[in-house]
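Here's the structure, in C-alpha cells; my notes come after.
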Amino acid sequence: MNDAQLAEDIRAALDEATAGLKAPAGAAACARSRSQRRRVGRGLLALVPAAGVVAGVAIAAHSGTAPAGRAIAPPAPRGTVQTDAQVTRQVEAVLATADRFIIETSASSGPGQVTTTYLDPATGTTRSVVSGAGDKVTYWIQVHVSGNEDRWRTTYVDYTNRTWWTKTSHSGPLGRNTSGIPVLSAQTPPSQVRKALAAGELRIGRKGQVNGRPAIELVYAGKLAAKADAMRYWVDAATFQPVQIDMPPFTAASTISESWIPKTAANVAQTDKPHVPAGFRQVPPSTTFN
C-alpha cells in the first residue's frame, strides 16, 4: 500500500467514525486544508498533528517514581487499584498542564521515512522534521485565529537542496459547533481531549502496555461508543501523560507515539521560531503543500 492509499484509508475510517456528529461549518474544508499542508514537496505524508497534535494518552512507568519533570499527578501507592473515575480525574488534571510542555509526536511518513513534530500548546506552533531515505526537511507552521477563520504561516527548509520558502494560508469559515460534542482526531489538542473526558465522550478502556510499560486505553463513549474502528488513545499508568494514538487501519504505519518534554528556553525557541541556515536559497512556495 502506498502513502496515498494509506492516507485515503485513514481519512475514510475517520469520516465513518465521526458519522452523525454535527461539526462546525467549514470544519471539513479546514481539516482537508490542514491535511494538505502536511504533504511535503516530495509527496511525503506526515501523519502527525500540525496545529494541535495530540490527544493520545498512554501510561508509561511502572515504578513508583516517574522521570524527572514528568510526574504531574502522583501515582497511586503500589498495590492500590484506582477506579475508572479516579483515573479519568488524573488524566484530566495532567491534560490541563499541557502548556508547560513541548509535545513530541512521531509517525511513519513514507517508506523509510519518519516525521517528528514538536508542538507548543501555548502558541499552537509546530516544528516538523522529516528524515530518512536520504532526505531531510524541517517546516514550521505558526497558527492564529483571525475573525472566523484559521490562518497559518508555513516556513519550509529543505536541507537536501539547501533551499527554503515561506507562505501564508487560511481555512474556510470555522462556523460554530452547536452539538456540544467534541469531534476528536489526531490533530485534537489536549484541551479538547480534556473536554471530551469531562463530557463523557471518552471512557477508560482496557489495560495494556506501550513500549513495554503499563498503559491505559481511552476509548470513545457516548454516541461513538459502538465505533469499533474509531481511534484509540493511550495514557501512562503512572504519569497519566499521553504516549500513543492508534489510528485506523491500526498498523505500525498509522500509530503515533507521543511524549511530553518539559519546556526550556531553548526548546521553546526551537519550536516557535523558524530558522533558515545561512547560505540557503529562497525559492517559490510549493503549490502542493498548503
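Give, as residue ranges, the strands (runs of 3 or more DSSP E) completely inside region 106-194 that count at least 1 residues that are at pLDDT below 80. Step through it out loud before you land on a result.
Numbers: elements: 113-120, 125-132, 135-146, 149-158, 163-170.
Counting at least 1 such residues, we get 135-146, 149-158, 163-170.
Yes/no per residue for (1) modelled with pLDDT of 95 or more; (2) within 30 Å of T83 (Cα to Cα); (3) outside any strand (DSSP E or B):
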{"position": "F250", "(1), (2), (3)": "no, yes, yes"}
{"position": "A253", "(1), (2), (3)": "no, no, yes"}
{"position": "I256", "(1), (2), (3)": "no, yes, no"}
{"position": "I261", "(1), (2), (3)": "yes, yes, no"}
{"position": "V268", "(1), (2), (3)": "yes, no, yes"}
{"position": "T271", "(1), (2), (3)": "yes, no, yes"}
{"position": "P277", "(1), (2), (3)": "yes, no, yes"}
{"position": "P285", "(1), (2), (3)": "no, no, yes"}
{"position": "N290", "(1), (2), (3)": "no, no, yes"}
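All told, V243 falls short of being at pLDDT 90 or above, in contact with an Asp or Glu (Cβ under 8 Å, 6 or more places away or on another chain) and not in a strand (DSSP E or B). Within region 110-165, the residues that satisfy the criterion of being surrounded by 16 or more Cβ atoms within 10 Å (Cβ to Cβ), small (G, A, S) and touching a Lys or Arg at 6+ places or on another chain (Cβ under 9 Å) are G110, S128. Kindly provide the set of residues from region 234-282 that are over 27 Å from P111 (Cβ atoms), hydroxyl-bearing (S, T, Y) and either in contact (Cβ under 8 Å) with a residue 24 or more places away in the chain or surrounded by 14 or more Cβ atoms within 10 Å (Cβ to Cβ) (or both), ordered by number. Across region 234-282, the qualifying residues are T239, T271.
On the stretch given as region 76-102, residues that are modelled with pLDDT of 95 or more, within 25 Å of E201 (Cβ to Cβ) and not in a helix (DSSP H, G or I) total 3.
The values are calculated or read from the model by the stated rules, or taken from the named source; none is laboratory data. These figures come from a predicted structure and were not determined experimentally. Positions of Cβ are generated from backbone atoms using ideal geometry, with glycine treated the same way; all protein chains shown enter the neighbour counts.
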